[in-house]
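Novice: Pasting a structure here, questions to come.
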Amino acid sequence: MSIKRIGILTAGGDCPGLNAVVRAVSKNALQHGIEVIGFKNGFDGLVRNEFIHITAQTVSGIINRGGTILGSSNIANPFKYTLAPFGTPENPQDLSSVAMHNFKENGLDALIATGGDGTLHMAHQFIEMGMPIVGVPKTIDNDLCATDQTFGFDSALSIVTEAIDRIHTTAQSHHRVMIIETMGRYAGWIALRSAIAGGGDIVLIPEIPYNDDVIVEQILARKSKGRTFSIIVAAEGAKNEAGEQTVSRTVAGSTDSIRLGGIANKLSDMIESRTHIESRACVLGHTQRGGTPTAFDRWLSTLYGTKALDMVLEGKFGYMAALRGFAMTEVKIADAISKLKLVDPNGAEVRAALEAGMSFGSRQVG
Ligand code: F6P
């Protein structure tokens, strides 16, 4: 099949490196004489038929820019559409046939869908309807099982590690417990790797349930050794031994209906009242998703984009570009969304953290 015209979209939560993917796909496609249109705001653009024509000019000078020139959305789900004027959170509409119609009307031979777990689930549903889609794995959470690393993760890590470094000096000056809350949803990758890199004292991740008593004991033990400050890195999705996470709010109609958040403030109150050591919470929030991508993410995004276009040319639809070691490969999207990639509580990274003297706030490991 000869490819003449393709679409690309960036969906889900944004992250550094999206523009580098759009650039790599577009530059390669244009060199092959393939027209590229970029749908605006993820799958919303496919429903509303809103897009831009991508030229060499459009993608010039964007490799170092954060965010996405196409816009993104993590609430526009064509299968449960809740946005005005077509749907509401109370009355979601299935507009997948509208999206399918727009895909065909635009004379597209393929769609490159860049996104995380939610986006790939939607892509999979469209593939089953016959839309030729190639996926590119994006997310700062690094929680997709079929790839060694998603782009965006390295940039988030470097932002969090810098924040830990900065928090360290103020924690030391004021003899405080500082709790840094990271993103990551149901996976602890951002918290664990940044805590290792930043020399955190306690790290709390969803994969290893924490216990308040252990956290308090650890802080007091540090104090008795003359360490008057402690740095805790808490993943937003960390669970206590009762399996409870801290939820900030629910979002009707979103692919991810729960917004996690609030663990740092909760722990700060608990620690201050039980240890009488001044404690402060620092919620890094969306700073982790913003700004310029690291060199690694620019490199990785460029490889992903190039591989995705190769896959389109080879007719590898229903597959996602994936990183194995330092090489690009491809995996079925259906397999990529089958389970999340989580930190192994018995794995080498957890052991390395323990060996470095870090606590997981748990009696189960360490
Ligand atoms: O999946 C990426 C992510 O940044 C998560 O780490 C976080 O829980 C979520 O998205 C936040 O979503 P929103 O941008 O809707 O607040």
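Novice: Calculate log10 I(q)/I(0) of region 315-366 for q = 0.17, 0.18, 0.24 Å⁻¹, where I(q) comes from the Debye formula with a single equal point scatterer on each Cα and nothing for solvent.
Specialist: -0.70, -0.72, -0.90
Novice: Taking amide H positions as placed 1.01 Å from N in the peptide plane, with prolines and chain starts having none, which residues 5 or more places from LYS138, or on another chain, fall under 5 Å of its amide H?
Specialist: Here GLY115, GLY116 satisfy the definition.
Novice: Let me ask you something else. With no solvent and one point on each alpha carbon, what is the Debye value of log10 I(q)/I(0) for region 35-177 at q = 0.09, 0.21 Å⁻¹?
Specialist: Result of the Debye calculation: -0.38, -1.35.
Novice: Mind checking which lysines have their C-alpha under 20 Å from LYS4, skipping anything on the same chain fewer than 8 residues away?
Specialist: Partners within reach: LYS27, LYS104, LYS307, LYS316.
Novice: Now a separate question. Pull up the DSSP beta bridges for the chain and report the antiparallel fraction as a percent, rounded to 5.
Specialist: Values: 16 of 49 bridges.
Expressed as a percentage, antiparallel bridges in the chain total about 35.
Novice: At 25 °C and 0.890 mPa s, grab the translational diffusion coefficient of region 19-61 from Stokes-Einstein with a Kirkwood Rh over Cα pairs, rounded to a whole number in µm² per second. Can you show the working numbers first?
Specialist: Working: Rh = 10.7 Å.
Rounded, D is 229 µm²/s.
Novice: From the P(r) of the chain, can you give the percent of Cα pairs sitting at distances over 25 Å? Please list the in-between numbers first.
Specialist: Values: 36311 of 66795 pairs.
More than 25 Å apart: 54 percent of the Cα pairs in the chain.
Novice: Sort 167-180, 337-350 by the packing proxy (mean of other Cβ within 10 Å over each peptide's residues), most packed first. Mind showing how you got there, number by number?
Specialist: Values: 167-180: 18.9, 337-350: 14.8.
Those peptides, ordered most packed to least, come out 167-180, 337-350.
Novice: So what is the calculated 222 nm ellipticity per residue for the chain, using -39500 (n - 2.57) for each DSSP H run with n of 4 or more, over all residues, to the nearest 500 deg cm²/dmol?
Specialist: Numbers: 11 runs with 131 residues, N = 366.
Helix-only estimate at 222 nm: -11000 deg cm²/dmol.
Novice: Kirkwood Rh and Cα-based Rg: tell me the resulting Rg over Rh for region 46-87, rounded to two decimals.
Specialist: That ratio equals 1.08.
Novice: A follow-up question, please. So which helices of the chain fit the span-like rule, where a helix is a whole DSSP H run, its Cα atoms reach 24 Å or more along the axis, and its mean Kyte-Doolittle is at least -1.0? Intermediate values should be presented prior to the final figure.
Specialist: On the way: long enough: 153-174 (31 Å, 0.01); 295-313 (27 Å, 0.39).
Result, helices passing both filters: 153-174, 295-313.
Novice: Please identify every one of the chymotrypsin sites (Phe, Trp or Tyr not before Pro) in region 297-366 that sits in a loop by DSSP and has no more than 16 other beta carbons within 10 Å of its own beta carbon.
Specialist: Numbers: sites: TRP299, TYR304, PHE317, TYR319, PHE326, PHE360; in loops: PHE317, PHE326, PHE360.
Counting only loop positions with at most 16 other Cβ atoms within 10 Å, the chymotrypsin sites (Phe, Trp or Tyr not before Pro) in region 297-366 are PHE326.
Novice: OK, next. Under the rule of at least 5 residues apart or a separate chain, name every residue whose amide H is placed under 5 Å from the amide H of ALA234.
Specialist: ILE180, GLU181, THR182, LEU204
Novice: What three numbers, in Å, describe the spread of the alpha carbons of region 210-366 along their principal axes, ordered from the longest?
Specialist: Over region 210-366, Cα extents along the principal axes are 63, 40, 31 Å.
Novice: Same structure again: With a cut-off of 8 Å between alpha carbons and a minimum separation of six or more residues, what is the relative contact order of the chain in percent? Present the calculation step by step, with values, prior to reporting the outcome.
Specialist: Numbers: 843 pairs, mean separation 80.0, N = 366.
Relative contact order comes out at 22 percent.
No lab work stands behind these numbers, since they all come straight from the coordinates. Please read all numbers here as calculations on a predicted model, not as lab measurements. Glycine gets a Cβ as well: all are built from the backbone with ideal geometry, and neighbour counts include every protein chain shown.
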